[in-house]
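*Asks:* Quick one: structure below, then a few questions.
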Amino acid sequence: MSHTEVTRSPQGFHVGAEVFDVLVLAVPASVARKLLTGVLDRDLSGFQEIRATMAIHADPIYMPARRRDWRAFNAVRTGEHCEASIWYGGLRGTDEQIFKSWTTFRDKQPSEVIAAAEYWHPVITPETIRAQKRLEAAQGRDDLWFAGSWTNDVDSQESAVVSAVRIGQRLGGRPEKLAASVGAGISMAFAEALSDDGSLTGRGRPMLRGSVTGLMTTAGGIGHTLPFLISDFRIAMTFAVAVVAVELAAISFIRHRYMDTPLLSAAFQVVLGGVLVFLTGILIGSS
Ligand SMILES: Cc1cc2nc3c(=O)[nH]c(=O)nc-3n(C[C@H](O)[C@H](O)[C@H](O)COP(=O)(O)OP(=O)(O)OC[C@H]3O[C@@H](n4cnc5c(N)ncnc54)[C@H](O)[C@@H]3O)c2cc1C
């Protein structure tokens, strides 16, 4: 596979014609090293791969001599190497003679080969585990992340998925968003509850008003940050804008219906407040 080299500038990571703030590379370590020539700021040399071969075949060459000893998973040691052969009949509880075998170091190659492939396979050694720990400590530094089974535990689909989920959680589900919403809710609850005891304005008991205001502020905050768990920024932004529009319309309606404010004037006040919050977000977010 050809390599599109990644470069870096103050604007971000350049991949072809595109520029990204954050880069998550989900390619093998050897490919990452090539893609990031001149950008890589951490040591990936602890991750090694070997050229391995694999065959799907009908020849029971790697099965035990006695038929009754056949199992779905069969491992054979050849010198220093141990390779596995998967018997699909055993997996499915049938007699079918189809096998998937690692064949890199075998004394004999199978006949009746249905398909064969060569690929780079990670070699897991104690140094790999140490390298994984070093990488984990540096994950996300300067907005550069690595996903893939080689970054986490042993070589398996689960390791690969877990590595990606962890990065997604750290990038997307940042707890500070929840903390900001809950914090704003508590602050609004106190401000409302302490503003008057209800006898002056007839707006009801302080505890009730404070609780409703606090809960609604928290729900509103969470409502328009949750869409950003969607990976596609444009879709997330569309959802967030829709949620904010519904929130502003609801606040305008409540002010009009229960607080004797003309609808237009309520909408103007609420939208003005919303625009100020939005501009503040842009100013702080782009600083
Ligand atoms: C034959 C075989 C059988 C296996 N059986 C099992 C099993 O039964 N159960 C299990 O849990 N695990 C199994 N594994 C292991 C499992 O498949 C891997 O651990 C897992 O797929 C690794 O996922 P990954 O995302 O880290 O890497 P990969 O799935 O290898 O993904 C890396 C991606 O990077 C892409 N890429 C490479 N170079 C470039 C480039 N220059 N530019 C852009 N993209 C690039 C590749 O096309 C690929 O899509 C098996 C592996 C093999 C090879």
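*Asks:* Quick test for you: out of Trp150, Trp145, pick the one residue that is outside any helix (DSSP H, G or I) and within 24 Å of Val15 (Cβ to Cβ).
*Replies:* One residue alone meets the criteria, Trp145.
*Asks:* Please specify each residue of the stretch 166-222 satisfying the condition of being among the small types (Gly, Ala, Ser), in a helix (DSSP H, G or I) and within 27 Å of Gln139 (Cβ to Cβ). Before the answer, list the steps.
*Replies:* Within the stretch 166-222, the first condition is being among the small types (Gly, Ala, Ser), and the residues that meet it are 168, 172-173, 179-181, 183-185, 187, 189, 191, 193, 195, 198-199, 202, 204, 210-211, 214, 219-221.
Add one more test, that the residue is in a helix (DSSP H, G or I), and what stays is 168, 172, 179-181, 183-185, 187, 189, 191, 193, 195, 210-211, 214, 219-221.
Answer for the stretch 166-222, where residues must be among the small types (Gly, Ala, Ser), in a helix (DSSP H, G or I) and within 27 Å of Gln139 (Cβ to Cβ): Gly168, Gly172, Ala179, Ala180, Ser181.
*Asks:* Which of (1) over 16 Å from the mean Cα position of the chain (by Cα); (2) more than 15 Å from the ligand (Cβ to nearest atom) is the odd one out, the single condition Arg170 does not satisfy?
*Replies:* (1)
*Asks:* Yes or no: the stretch 106-122 includes at least one residue that is crowded, with 16+ Cβ neighbours inside 10 Å and either in contact with a Ser or Thr (Cβ under 6 Å, 6 or more places away or on another chain) or more than 30 Å from Thr7 (Cα to Cα) (or both). Don't jump to the end; show me each part of the working.
*Replies:* Taking the stretch 106-122 and keeping what is crowded, with 16+ Cβ neighbours inside 10 Å, we get 106, 110, 121-122.
Cutting the leftovers down to either in contact with a Ser or Thr (Cβ under 6 Å, 6 or more places away or on another chain) or more than 30 Å from Thr7 (Cα to Cα) (or both) gives us 106, 110.
Yes, that holds for at least one residue.
*Asks:* Search the stretch 17-62 for residues being among the acidic types (Asp, Glu) and not in a loop (DSSP other than H, G, I, E, B), and hand back the single one that is farthest from Ile114 (Cα to Cα).
*Replies:* Of the stretch 17-62, the ones among the acidic types (Asp, Glu) are 18, 21, 41, 43, 49, 59.
Now drop any that are not not in a loop (DSSP other than H, G, I, E, B), which leaves 18, 49.
Values: Glu18: 41, Glu49: 26 Å.
Checked the stretch 17-62; the qualifying residue farthest from Ile114 (Cα to Cα) is Glu18.
*Asks:* Now a separate question. Looking at Asp59, Asp21, Asp95, Asp69, can you tell me which residue is at pLDDT 90 or above and surrounded by 15 or more Cβ atoms within 10 Å (Cβ to Cβ)? Reasoning before the result, please.
*Replies:* Working: Asp21 fails: surrounded by 15 or more Cβ atoms within 10 Å (Cβ to Cβ); Asp95 fails: surrounded by 15 or more Cβ atoms within 10 Å (Cβ to Cβ); Asp69 fails: surrounded by 15 or more Cβ atoms within 10 Å (Cβ to Cβ).
So the residue among Asp59, Asp21, Asp95, Asp69 that is at pLDDT 90 or above and surrounded by 15 or more Cβ atoms within 10 Å (Cβ to Cβ) is Asp59.
*Asks:* Next question, about the same structure. Test Thr53 against the criterion of being free of Cβ contacts under 8 Å to residues at least 40 places away in the same chain, within 15 Å of the ligand (Cβ to nearest atom) and within 30 Å of Ala164 (Cβ to Cβ), and give yes or no. Spell out the reasoning first.
*Replies:* Details: free of Cβ contacts under 8 Å to residues at least 40 places away in the same chain: no; within 15 Å of the ligand (Cβ to nearest atom): yes; within 30 Å of Ala164 (Cβ to Cβ): yes.
No, not satisfied.
*Asks:* Tell me, which strands (runs of 3 or more DSSP E) lie completely within the stretch 71-125 with 3 or more residues that are away from the ligand (no atom under 14 Å from the Cβ)?
*Replies:* On the way: elements: 73-78, 81-87, 99-102, 113-123.
The strands (runs of 3 or more DSSP E) meeting that bar are 73-78.
*Asks:* When both residues are 6+ apart or on different chains and their Cβ atoms are under 7 Å apart, which pairs have a first residue that lies in the stretch 235-261 and is assigned by TED's automatic domain parsing to the domain that holds Thr225 and over 20 Å from Leu215 (Cα atoms), and a second that is aliphatic (A, V, I, L, M) and surrounded by 13 or more Cβ atoms within 10 Å (Cβ to Cβ)?
*Replies:* Sorted first by the residue in the stretch 235-261, then by its partner, the pairs are Ala236/Ile230; Phe239/Ile230; His256/Ala266.
*Asks:* Of all residues in the stretch 223-234, how many are assigned to a helix (DSSP H, G or I) and either in contact (Cβ under 8 Å) with a residue 24 or more places away in the chain or surrounded by 15 or more Cβ atoms within 10 Å (Cβ to Cβ) (or both)?
*Replies:* 7
*Asks:* Any residue in the stretch 189-211 that is among the aromatic types (Phe, Trp, Tyr) sitting within a Cβ distance under 7 Å of a residue that is surrounded by 16 or more Cβ atoms within 10 Å (Cβ to Cβ)? List the pairs, counting only those 6 or more apart or interchain.
*Replies:* From the stretch 189-211, the pairs are Phe190/Gly210.
*Asks:* Would you pick out the residues in the stretch 135-150 that are within 8 Å of the ligand (Cβ to nearest atom) and either exposed (fewer than 13 other Cβ atoms within 10 Å of the Cβ) or among the polar types (S, T, N, Q) (or both)? Don't jump to the end; show me each part of the working.
*Replies:* Step one: of the stretch 135-150, the residues within 8 Å of the ligand (Cβ to nearest atom) are 147-150.
Across the stretch 135-150, the qualifying residue is only Ser149.
The values are calculated or read from the model by the stated rules, or taken from the named source; none is laboratory data. This one's a predicted model, so the numbers in the text were calculated from it and none came from an experiment. So basically every Cβ, Gly included, is an ideal-geometry build from the backbone, and we count neighbours across all protein chains shown.
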